[in-house]
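Structure record follows, encoded as structure tokens.
The values are calculated or read from the model by the stated rules, or taken from the named source; none is laboratory data. The structure presented is a predicted model; accordingly, all values stated were derived computationally and were not measured. Here the Cβ positions follow ideal geometry from the backbone for every residue, glycine too, while neighbour counts run over all protein chains shown. Please note that ligands, DNA and RNA were not included when accessible areas were found on the heavy atoms of the full protein model with its side chains. Shrake-Rupley method; radii C 1.70, N 1.55, O 1.52, S 1.80 Å.
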Amino acid sequence: MELSKVVETLEEIASPELAEDFDIGRIGLTLDLDNDIKRIAVALDPTEYVLERVAQIGADLLITHHTLIFHSVNLISKELAGLLKIALEHEISLYSMHTNYDSAKGGVNDVLAQRLGLNDVYEVGMGRIGTIDECPLDVFIDHVAKSLNTHLQYVGEKDTIKKVMVFGGSGFKDDYLDIARDNDVDAYVSAELKHDVLRSYDDLLLVDATHYATENPAMETLCERLKDLLKIDVEFIANDPFLKVR
């Protein structure tokens, strides 16, 4: 299959126009080798492990959520050179779909809401709000951990949880937390909780379920969608950083 045809499909799934302003010019084909595509790999991050696995399985294209190069490059580090070397030696094109996939129908936040079993889901910017059967706080926390197969940290006191907002990745930002508050949300599930946030939003149950676990499910789902749409081999590559907790 022509690379351009794969790109057309990816842009139908998540139009680049959905991306946040800071993402413009940083998503799409970040390494275009104009190669024929016989096998595709999908992962959250273009890490060394992932790229080596892509080379091992003979995939021609790696699709990730996070891009290999985000900031302008004036100096190529040894680490970046090593990653590019793997891609270039094995003729692996790279495509990233970042905040456009966060916002897209069936993207990061829709999949996250689905994994947590939210009902009556509606969009609030990139985030999603929905409901669950009302349950005690500890039951909800266990549910999130099991649904996403992750450890987590949380703060806040709520007797019961019913209304939930989700935001995959680094979502503990004032703009989105204010939306949660305005929508009378009980719990907010995202990642990378900071000290100033937990002090300012103590009226909400804030659940940090890790960046990887809140975004990775959508890449798994994308893998299955591409198999159905493109009718070629697509393999998902998991590369959990396995943060240790005590």
Legend entry - Dipole-positive endmost among Ile92, Gln56, Ser77 within the stretch 45-93 (Cβ charges, Cα centre): Ser77
Inset, instruction - Write down the accessible area per residue of the chain in Å², having rolled a 1.4 Å probe over the full set of protein chains. - result: 51 Å²
Inset, instruction - For the stretch 116-206, build the charge dipole from Cβ charges (+1 Lys, Arg; -1 Asp, Glu) around the Cα centre, then report which of Val197, Ala145, Tyr176 sits farthest towards its positive end. - result: Ala145
Inset, instruction - Report the charge-dipole magnitude of the stretch 91-244 in Debye, nearest 20, computed about the Cα centre from +1 at each Lys and Arg Cβ and -1 at each Asp and Glu Cβ. - result: 260 debye
Legend entry - Entries in Lys146/Lys194; Lys5/Lys227; Lys5/Lys231; Lys5/Lys38 that, when Cα-Cα distance is taken, lie over 18 Å: Lys146/Lys194
Legend entry - Gaussian network model of the chain, Cα within-10 Å springs - most flexible of Val73, Val42, Val108: Val73
Legend entry - Between 0 and 90°, nearest 10: helix 137-148 axis offset from the chain longest Cα axis: 10 degrees
Inset, instruction - Report which label in (i) 0.95; (ii) 1.06; (iii) 0.99 holds the value of Rg/Rh (Cα atoms, Kirkwood Rh) derived from the coordinates of this structure. - result: (iii)
Inset, instruction - Heavy atoms only, probe 1.4 Å: what % of the accessible area of the stretch 120-218 goes to carbon and sulfur, would you let me know? - result: 44 percent
